[in-house]
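Accompanying notes for the structure given below.
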């Protein structure tokens, strides 16, 4: 049950992140055409990029890296340990990571609420709500914390065939 639920969540957030990447690419292409061919750049491209699309792309696919052990790590010492010690060290790292990601989620989530209540917008000319970027980072961080906890005691998995190349 938990396995199927986490795989469904992974596929969903990867689809969201992928859609954000496609939208970012299309927005940049449209802006280049508008800027150089029509001499009228699209307002708010930088705000949409930094507030919405980059957080989507980065934070929505990040949790998958935990399950497949794709995070940056220093294996010089860990790879020389016995398998049981390696699993224990991985479990400890996942626990510490979960605590840190939960703290990030709580801090950024609080900032998202404050931004929403204050009605912050990115610029006067475009008016993209700033809280959206904070909310995306908070949600991605919370997901990272949960996935880290769920993977304690589990061996790193091979990538699902449906997720190859992601």
*asked:* Looking at the structure I just gave you, is residue 6 touching a strand residue (DSSP E or B) at 6+ places or on another chain (Cβ under 9 Å) and touching a residue at least 60 places away in the same chain (Cβ under 8 Å)?
replied: no
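So that you can scan it fast, the table gives a plain yes or no per residue for (1) in contact with a strand residue (DSSP E or B) (Cβ under 7 Å, 6 or more places away or on another chain); (2) at pLDDT 90 or above; (3) on the phi > 0 side of the Ramachandran plot:
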| site | (1), (2), (3) |
| --- | --- |
| 75 | no, no, no |
| 89 | no, no, no |
| 100 | no, yes, no |
| 107 | no, yes, no |
| 130 | yes, no, no |
| 136 | no, yes, no |
| 140 | no, yes, no |
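Condition first: over 19 Å from the mean Cα position of the chain (by Cα), without any contact (Cβ under 8 Å) to a residue 24 or more places away in the chain and either in a helix (DSSP H, G or I) or exposed (fewer than 14 other Cβ atoms within 10 Å of the Cβ) (or both). Can you find one or more residues in segment 57-69 that meet it? So that I can check it myself, show each step before the final result.
Residues of segment 57-69 that are over 19 Å from the mean Cα position of the chain (by Cα), as a first pass: none.
No, segment 57-69 has no match at all.
Any idea which of 81, 26, 95 is part of a helix (DSSP H, G or I) and either surrounded by 14 or more Cβ atoms within 10 Å (Cβ to Cβ) or touching a helix residue (DSSP H, G or I) at 6+ places or on another chain (Cβ under 9 Å) (or both)?
Selected residue: 95, the only one of 81, 26, 95 that is part of a helix (DSSP H, G or I) and either surrounded by 14 or more Cβ atoms within 10 Å (Cβ to Cβ) or touching a helix residue (DSSP H, G or I) at 6+ places or on another chain (Cβ under 9 Å) (or both).
Hey, can you tell me all the residues within segment 51-67 that are over 21 Å from residue 127 (Cα atoms), out of contact with any helix residue (DSSP H, G or I) (no Cβ under 6 Å at 6 or more places or on another chain) and modelled with pLDDT of 85 or more? Can you show your working first?
Here is the first cut: in segment 51-67, the ones over 21 Å from residue 127 (Cα atoms) are 57-67.
Going one step further and asking which of them are out of contact with any helix residue (DSSP H, G or I) (no Cβ under 6 Å at 6 or more places or on another chain), we end up with 58, 65, 67.
Result: 58, single match.
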*Quick one: is residue 117 on the phi < 0 side of the Ramachandran plot, in a helix (DSSP H, G or I) and surrounded by fewer than 17 Cβ atoms within 10 Å (Cβ to Cβ)?*
yes
*List the number of the failed condition for residue 31; all other conditions in (1) surrounded by fewer than 16 Cβ atoms within 10 Å (Cβ to Cβ); (2) more than 15 Å from the chain's Cα centre (by Cα); (3) modelled with pLDDT of 85 or more hold.*
(1)
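The values are calculated or read from the model by the stated rules, or taken from the named source; none is laboratory data. All figures in this text were calculated on a predicted structure; none of them were measured in a lab. Because the Cβ atoms are built from the backbone with ideal geometry, glycine has one as well, and the counts that use them run over all protein chains shown.
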